[in-house]
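One structure is given here, and the rest of the page talks about it.
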Amino acid sequence: MSAQSVTGGCQCGAVRYRVDGPLSGAHICHCRMCQKAAGNYFLPLAAAQKTDFHLTRGELAHFASSQDVQRGFCANCGTPLTFDTIIADRVHIVLGSLDDPTAVVPAVQYGTESKMPWFATLETLPGEETEASEDQDGVPLSVIRATNRQHPDHDTQTWPPQRSEDAQ
């Protein structure tokens, strides 16, 4: 993967993509529509030329969230992947779906009228790394790790994974 090429996909691996060009306009959108689309407090996005965006596995399902916008997602696991203004020459990629989500840093925020007022206090909350947690709702993390069905953060030859890839 070069500096001008990024890959990503959904949680289950049914949909994978590659962008063969730069991502621009990286931002976080706090608007209520993006909150609903992401099922989260905000949606991080960056734009790619549509000619640079290539599906390498599977197909996007779409929801027309407004007259001119369709949101692409995995029909299998529901992961949001794109925000596409149909008449534009760019498509916005959901940054959390990148194999390396640290590669693109948002530079601006939109929809701040819907931004959670307590975001400024997040750094003051206690925290722990995933591996430090003993269980999740009574399920030991060793069981969750052993049965994890999340696609790894890289392209794989097959999907769904074969037994040898399950251990990766």
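No value in this document is a laboratory result; all are computed from the given coordinates. Keep in mind it's a predicted model, so treat the numbers as computed, not measured. Positions of Cβ are generated from backbone atoms using ideal geometry, with glycine treated the same way; all protein chains shown enter the neighbour counts.
Annotation: the range 75-157 has a Kirkwood hydrodynamic radius of 17.1 angstrom, from the mean reciprocal C-alpha pair distance. Here the sum of -39500 (n - 2.57) over DSSP H runs of 4 or more residues, divided by the residues of the chain, equals -2000 deg cm²/dmol at 222 nm, to the nearest 500.
Looking at the range 77-136, which chymotrypsin sites (Phe, Trp or Tyr not before Pro) are in a loop (DSSP not H, G, I, E or B) and have at most 12 other Cβ atoms within 10 Å?
For chymotrypsin sites (Phe, Trp or Tyr not before Pro) across the range 77-136 that sit outside H, G, I, E and B with at most 12 neighbouring Cβ atoms in 10 Å, the list reads 118.
Here r is the Cβ-Cβ distance between residue 88 and residue 41 and R0 is 35 Å; the resulting FRET efficiency, rounded to 0.05, is 0.85. Taking other residues whose beta carbon is less than 9 angstrom from the beta carbon of residue 56, and scoring Lys, Arg as +1 and Asp, Glu as -1, yields +2. Using the beta-carbon distance between residue 75 and residue 131 and R0 = 41 Å, what value does 1/(1 + (r/R0)^6) give for FRET efficiency, to the nearest 0.05? Computed FRET efficiency for residue 75 and residue 131 comes out at 0.80. Calculated over the range 1-69, the projected area of the Cα convex hull averaged across directions stands at 5.4 nm².
Volume of the convex hull of the chain (Cα atoms only), normalised per residue: 143 Å³.
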